[in-house]
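Everything on this sheet refers to the single structure shown next.
Computed from the coordinates by the stated procedures, all read-outs in this text should not be read as laboratory data. Computed from a predicted model, the values in this text were never measured in an experiment. Cβ placement follows ideal geometry from the backbone for every residue including glycine, while neighbour counts extend to all protein chains displayed.
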Amino acid sequence: MKEVVVIGGGLGGMSAAITLAKHKEFRITLIEKNSHIGGKLNVLEQDGFSFDLGPSIFTMPQYFDALFEMHGKKRENYFKLVPVTPHWRNFFEDGTTIDLADTLEGMKALDNITEKDYEELQAFYTYTEKLYDFTNDILFKNQAETVLQTLKYYPPLKIFKDSDYFRTMDEGIRKYITNPYLIDIMNYFIKYVGSNPYDAPAVMNLLPYIQWKFGLWYVEGGMYQASIGMQKLMKELGIIVKTNTEVLSVEKQKGRISKITLSDGTTKHVDVVVSNMEAIPFYEKITQEPEKKLKTLKKKYGPACSGFALHLGVNKQYPQLAHHNFFFSNELKQNFDNIFHKHKLSGDPTIYLVAPMKTDPSQGPEGHEIIKILPHISVIKGDKAFSKEEYEAFEDAVLTKLERMGLTDLRKHIVSKELWTPETIQQKYYSNQGAIYGVEANRKMNLGFKVPKTSTFYNNLFFVGGSTNPGGGMPMVVLSGQQVEKHVLRSLK
Ligand SMILES: Cc1cc2nc3c(=O)[nH]c(=O)nc-3n(C[C@H](O)[C@H](O)[C@H](O)COP(=O)(O)OP(=O)(O)OC[C@H]3O[C@@H](n4cnc5c(N)ncnc54)[C@H](O)[C@@H]3O)c2cc1C
């Protein structure tokens, strides 16, 4: 038997463990430092509310389905998905409200979308479809992890055209769309990977296509039910799961990891290590590489943004909200500059707001509403941490903006509250500088590629999750866990 250890029970780690369990010669142990399995997919029961602390937007269910199908099972017997419609509701400071319908055709029926807007959206959709086809070929099917590997699968000159190589995401959108509200809406798809549309490669414009093509879903009973379903499958497959146990360090031998030391004082021999802990924190904390060895890695694979996650239970309902809502900043670009370049908290941030009880009233007391507010903010930057007073002022700016934009007396109706800052997120999951989506997709830094799955330092170490390809966000993280199988098997030949 080969001893396979998966460090971390996030979606990436669970997906890897489930995929590797196809091979009977592996004894798989998944080790998680927290008391719950699911990583950032996490839940808090408080004051009669069930707060999903992590992801709320579920796309590309096919990658979740695959985990069950590979073992002859059906995902819907473990957790069920409910379609969300409209996909988002978008609020602007001048009072304009535009829905993002659940299909492209649905956009045509909206009052404030003109014939011209619709024609532009159609042309944009055709463009995003091509970007998806390109990415599907390179990243999802052929699993390229670098530009060099891409050249093995794709004719070089076609890469430029098919990936819209020379443009940023924002430039790609403006090539097709002229309505300023729709430009902001399309740019905000970058939320899904916590990056900056003015720096991200144009290929990220595949995101609207993915959502319209494969749908936007809610997990029946709350997002955390997806983790419960996957845990049930792991149990059936005989995967050993240890919670409340942290991997503290490793023993190295001839370019391999030979043993791990756990927080319960025990050590364990390993043949294969799959780290769901992000690559940079792993090298810093666990194998303790010298700083100079990590310089290139850090420069190329900087963290995606973090978030200011404010979970509110309120004793009022706001009928104007949909399940997913965006309250846009008047200054979208400046807002992204503050997050990614200036390390500043914006006075007028764009706010993502989830009201899950619109789809699932069982998540809180009758007549109440869950209002989860998630403006993206900068990750933790060395000694330049935000002070308590800065966070308080930011919270005030966010709530004032929401009240100004129609959520009347929101503050007066709060009956339950839970706040997670980048510091909470970093401490809980050991993500790089408190990032919530792994590595930033940045045209100049990495063209959207993440850290390769096979470690360049240790022959039997592999990465899964948001810091590795194909990237952050639930479906991509789950796909990374499936893709790692090929690398593990190759290393054992
Ligand atoms: C507030 C918030 C909102 C989000 N919204 C969305 C959304 O709407 N849609 C979407 O698709 N994505 C969203 N995301 C991102 C999504 O949650 C992540 O991309 C995904 O869950 C990350 O999974 P992962 O497996 O890469 O990492 P994680 O979930 O972070 O899992 C890593 C695990 O490793 C454990 N670990 C780390 N070090 C050790 C160690 N030394 N020993 C043992 N265990 C260790 C951690 O405790 C953690 O459980 C959101 C994230 C957050 C925080």
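Across the chain, Cα pairs under 8 Å and at least six residues apart give a relative contact order of 23 percent. Computed over the stretch 362-467, relative contact order equals 16 percent, with contacts defined as Cα pairs under 8 Å that lie 6+ residues apart.
Spin-label model, residue 261/residue 341: points 7 Å from Cα along the beta carbon direction are separated by 4.5 nm.
The alpha-carbon of residue 316 sits under 21 angstrom from the alpha-carbons of these lysines, leaving out residues fewer than 8 places away in its chain: 358, 372, 401, 412, 417.
Cβ crowding within 10 Å, taken as a proxy for footprinting-reagent exposure, orders 189, 92 from fewest neighbours to most as 92, 189. With 23 Å as the limit, the listed pairs 141/254; 333/428; 40/252; 74/493; 298/342 have 141/254; 333/428; 40/252; 74/493 beyond it between alpha carbons.
The ranking of 223, 107 by Cβ neighbour count inside 10 Å, starting from the fewest, reads 107, 223.
Sparse packing (at most 13 other Cβ atoms within 10 Å of the Cβ) combined with a DSSP loop state is found for none of the GluC sites (Glu not before Pro) in the stretch 249-307. Which whole-number percent is the relative contact order of the stretch 286-382 (Cα, under 8 Å, 6+ apart)? In percent, rounded to a whole number, it is 39. Taking other C-beta atoms within 10 angstrom as a stand-in for reagent exposure, 186, 277, 405 fall in the order 405, 186, 277, fewest first.
Think of the chain as having a plus end and a minus end, set by charges on the Cβ of Lys, Arg, Asp and Glu; of 87, 18, 429, 18 sits farthest toward the positive end of this dipole. Past the 30 Å Cα-Cα mark, which pairs from 152/299; 381/486; 24/285? From 152/299; 381/486; 24/285, over 30 Å: 381/486; 24/285. Available extension along the chain between residue 24 and residue 44 is 3.6 nm, counting 0.36 nm per residue and deducting the alpha carbon span. Only lysines eight or more places from residue 108 in sequence, or on another chain, were considered; those with a Cα closer than 16 Å are 116.
Restricting the count to DSSP beta bridges whose residues both fall in the chain, what percent are antiparallel, rounded to a multiple of 5? If we restrict to bridges inside the chain, about 70 percent are antiparallel.
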